[in-house]
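First the structure, in the form of C-alpha cells, and then the observations on it.
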Amino acid sequence: MLLDSIPIKVVSDKPGFFLARIDVLVDGERRSFLLDTGAATSSIESDEHTNKYPTFGSRDSKGVSGIARKCDIIQPEALSFGMQKILKPYLDRCDRNILGIDIFGNSPFQVSLKSKRLNYLSDLPEGVASEKVRRLSPGHVTIPIRMEKVIVDVLFDTGADSTIADLQFVEKHPELFEMVRSEDGFDVHGNKIPSRVYKVRNLSVGSLNLINVEIAAFDYGDFLREKMEGASIILGNNVISKGKWSFDLNSGNWTVEAES
C-alpha cells in the first residue's frame with residue numbers, strides 16, 4: 001500500500017547521467033537536497049543560516065577519493081518532506097545538502113527516477129520476487145548483480161550519476177569489460193578522479209536485464225576497499241534509472257521492477 005508519494009527532481013548535465021533531488025523543509029526553510037542512498041549520514045550546506053546552529057562535535061566526511069573534509073555536527077528541530085517529519089536529526093554541516101539513508105530509510109520506500117517519485121510503502125510490492133539486502137557497517141545498502149557468470153555485491157547509490165567499479169575488479173575479470181575511453185570523474189566533494197570507462201555486455205540485477213552498460217573504473221585504494229567491505233561496484237543512476245526499486249531495510253529485503 002502506498003502511504004506517501006514525494007516528487008523527485010531528476011537533473012542531468014549530460015545525456016545518460018542523472019542525479020535526483022528532493023525539496024526538504026529544514027526548520028521551515030525550503031532547501032534542495034541530493035537524494036542519496038549511498039550516503040550513510042545526511043549533511044547540510046554550511047552557510048549564514050546553518051552556521052547559527054550550535055555544534056555537537058565533528059567528524060570527517062570522505063568521498064570515493066578518500067580525501068577527508070571535516071564537518072561539524074548540528075541538530076535542527078525538524079526535517080519535513082511530503083508527509084514525513086524527522087524530529088531533531090543529526091546532520092553534518094558541510095559543503096552539500098545530502099539526504100542520506102539514515103533519514104529516509106527507516107520505513108519501506110520505493111525510488112523511481114522514471115516516474116520521479118520517492119514513495120513510502122506499508123510493505124514491498126506483491127507479485128515481485130524479493131531478495132536480501134546486505135548492510136555495510138556504516139549503514140550503506142548493497143545488493144547482488146550478475147555479469148555473465150560473475151555475481152558481485154554492489155552499493156546501491158542514487159547519489160552517483162554513473163556506475164563505478166574498482167579497477168582491481170576489472171583487471172581480475174577482463175573478459176567482462178571492454179574499454180571505451182578515459183575521462184575524469186569527481187567525488188561528492190568535487191575531488192577529481194582519473195577514470196577509465198568500460199562497456200559491460202550483460203548486467204542483470206533482480207528481474208532487470210541490461211546490455212552494453214557503461215561502467216567507470218578507478219583504483220579504489222585501501223580506504224574505499226575497506227569502506228565497501230567487499231563490494232567492488234557502486235551502482236549508479238545509469239542503471240538505477242531503468243528500474244523501480246523498493247526496499248524494506250527493517251526486514252532486510254528489496255525488489256526491482258523494470259521501467260523502460
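The values are calculated or read from the model by the stated rules, or taken from the named source; none is laboratory data. All values reported here derive from a predicted model rather than from experimental measurement. Virtual Cβ from ideal backbone geometry, glycine too; neighbours counted across all protein chains shown. For accessibility, only protein heavy atoms count, side chains too; no ligands or nucleic acids. Shrake-Rupley method; radii C 1.70, N 1.55, O 1.52, S 1.80 Å.
Hey, does the stretch 90-110 have a residue that's in contact (Cβ under 8 Å) with a residue 60 or more places away in the chain, closer than 25 Å to Gly252 by Cα, of a type in the set (D, E, K, R) and buried (at least 17 other Cβ atoms within 10 Å of the Cβ)? Yes, there is a match, as at least one residue in the stretch 90-110 is in contact (Cβ under 8 Å) with a residue 60 or more places away in the chain, closer than 25 Å to Gly252 by Cα, of a type in the set (D, E, K, R) and buried (at least 17 other Cβ atoms within 10 Å of the Cβ).
Starting from the stretch 227-246, take each residue that is at positive phi and list its partners that are surrounded by fewer than 21 Cβ atoms within 10 Å (Cβ to Cβ) and not in a loop (DSSP other than H, G, I, E, B), counting only C-beta distances under 7 angstrom and pairs at least six apart or across chains. Cβ pairs passing all conditions: Gly230/Asp153.
Listed by position, the strands (runs of 3 or more DSSP E) enclosed by the stretch 162-260 that each have at least 3 residues that are open to solvent by 10 Å² or more (accessible area, probe 1.4 Å) and more than 30 Å from Ser107 (Cβ to Cβ) are 177-186, 192-205, 208-218. Listed by first and then second residue, the pairs with beta-carbon distance under 7 Å, at least 6 apart or on different chains, first residue in the stretch 3-20 and among the hydroxyl-bearing types (Ser, Thr, Tyr), second open to solvent by less than 40 Å² (accessible area, probe 1.4 Å) and modelled with pLDDT of 95 or more, are Ser5/Asn119. Which one is modelled with the lowest pLDDT, of the residues in the stretch 12-30 that are within 25 Å of Leu121 (Cβ to Cβ) and either open to solvent by 40 Å² or more (accessible area, probe 1.4 Å) or touching a Cys at 6+ places or on another chain (Cβ under 9 Å) (or both)? If we take residues in the stretch 12-30 being within 25 Å of Leu121 (Cβ to Cβ) and either open to solvent by 40 Å² or more (accessible area, probe 1.4 Å) or touching a Cys at 6+ places or on another chain (Cβ under 9 Å) (or both), then Phe18 is modelled with the lowest pLDDT. Does Pro54 qualify as being more than 20 Å from the chain's Cα centre (by Cα), more than 29 Å from Ser162 (Cβ to Cβ) and buried (at least 18 other Cβ atoms within 10 Å of the Cβ)? For Pro54, the condition - more than 20 Å from the chain's Cα centre (by Cα), more than 29 Å from Ser162 (Cβ to Cβ) and buried (at least 18 other Cβ atoms within 10 Å of the Cβ) - is not met. Test Phe33 against the stated conditions and say whether it is at pLDDT 95 or above, among the aromatic types (Phe, Trp, Tyr) and surrounded by 13 or more Cβ atoms within 10 Å (Cβ to Cβ). Judged against the criteria, Phe33 is a match.
Just give me the residues in the stretch 139-161 being open to solvent by 70 Å² or more (accessible area, probe 1.4 Å) and farther than 14 Å from Ser232 by Cα, in sequence order. Matches in the stretch 139-161: Glu148, Lys149. Are any of the residues in the stretch 167-179 touching a residue at least 60 places away in the same chain (Cβ under 8 Å), under 23 Å from Gly100 (Cβ atoms) and not aliphatic (A, V, I, L, M)? Among the residues of the stretch 167-179, not one is touching a residue at least 60 places away in the same chain (Cβ under 8 Å), under 23 Å from Gly100 (Cβ atoms) and not aliphatic (A, V, I, L, M), which makes the answer no. Please enumerate the residues belonging to the stretch 118-138 that are buried (at least 16 other Cβ atoms within 10 Å of the Cβ) and hydrophobic (A, V, I, L, M, F, W, C). Selection gives Leu118, Leu121, Leu124, Val133, Leu136.
Only residues that are surrounded by fewer than 19 Cβ atoms within 10 Å (Cβ to Cβ) and not in a strand (DSSP E or B) were counted across the stretch 75-88, and they come to 5.
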